[in-house]
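Written below as structure tokens is the structure these notes are about.
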Amino acid sequence: MARVKRGVTGRARHKKILELAEGMGGTRRLLFKPANEAVMHALAYAYRDRKQRKGDMRGLWIARINAATRQNGMPYNQFMHGLKCAGIDLNRKVLSELAVSDTASFQHLVELAKGSLAKA
């Protein structure tokens, strides 16, 4: 069996990890073991938080819609129920954008929601 020399492979692996650890502080960017731990955690957090960002954005949209509907004299839950009763199918992202950028059309939606709740 021939002898296998692994110096090149190991150095490449270490170099890849240390390059990913650039910008970290202390030994986490200089030594392989701490750098490897830091990079593994950082990659795991990045993966997890890409999923969490979706929920965070939904929470932001709901907070914006709630603030705008309360300015128009209606709580968020009644507004959403009123839209559903009126047959208006807009998602929260679009509603929050309307609440921020186009207040007149958002007020019209609030009036429609109030009207549909009065009928029901």
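Show that you can apply the helix-only estimate: for the chain, add -39,500 (n - 2.57) for every DSSP H stretch of four or more residues, divide by all residues, and state [θ] at 222 nm to the nearest 500.
Numbers: 5 runs with 92 residues, N = 120.
Per the formula, -26000 deg cm²/dmol.
Can you compute the equivalent ellipsoid semi-axes for segment 7-119, i.e. the square root of 5 times each eigenvalue of the Cα gyration tensor, sorted largest first and rounded to whole Å?
One finds semi-axes of 52, 12, 10 Å for segment 7-119.
Within the set of other residues whose C-beta is less than 13 Å from the C-beta of L98, count the net charge using Lys and Arg as +1 and Asp and Glu as -1.
Once positives and negatives cancel, what remains is +1.
Taking loop as defined by DSSP and a crowding limit of 11 other beta carbons within 10 Å, which GluC sites (Glu not before Pro) in segment 1-85 fit?
Details: sites: E19, E22, E37; in loops: E22.
Passing both the DSSP loop test and the Cβ count: E22.
Within 10 Å of each candidate Cβ there may be at most 10 other Cβ atoms; applying that plus a DSSP loop requirement, which trypsin sites (Lys or Arg not before Pro) in segment 28-63 survive?
Sparse-neighbourhood loop trypsin sites (Lys or Arg not before Pro): none present.
Too long at a 31 Å Cα-Cα cut-off: which of K5/K33; K15/K51; K16/K51; K93/K114; K15/K54?
Values: K5/K33 22 Å; K15/K51 29 Å; K16/K51 26 Å; K93/K114 21 Å; K15/K54 34 Å.
Too far apart for the 31 Å limit: K15/K54.
Could you give the distance between the Cα centres of segment 25-41 and segment 48-120, to the whole Å?
45 Å
Let me check against my output: what whole-number percent is the relative contact order of the chain, with C-alpha pairs under 8 Å and at least 6 apart?
On the way: 83 pairs, mean separation 22.2, N = 120.
Reported as a whole number, the value is 19 percent.
Each reported figure results from applying straightforward, stated rules to the coordinates on display, with no laboratory input. The structure presented is a predicted model; accordingly, all values stated were derived computationally and were not measured. All Cβ positions, even for glycine, are placed from backbone atoms using ideal geometry, and neighbour counts span all protein chains on display.
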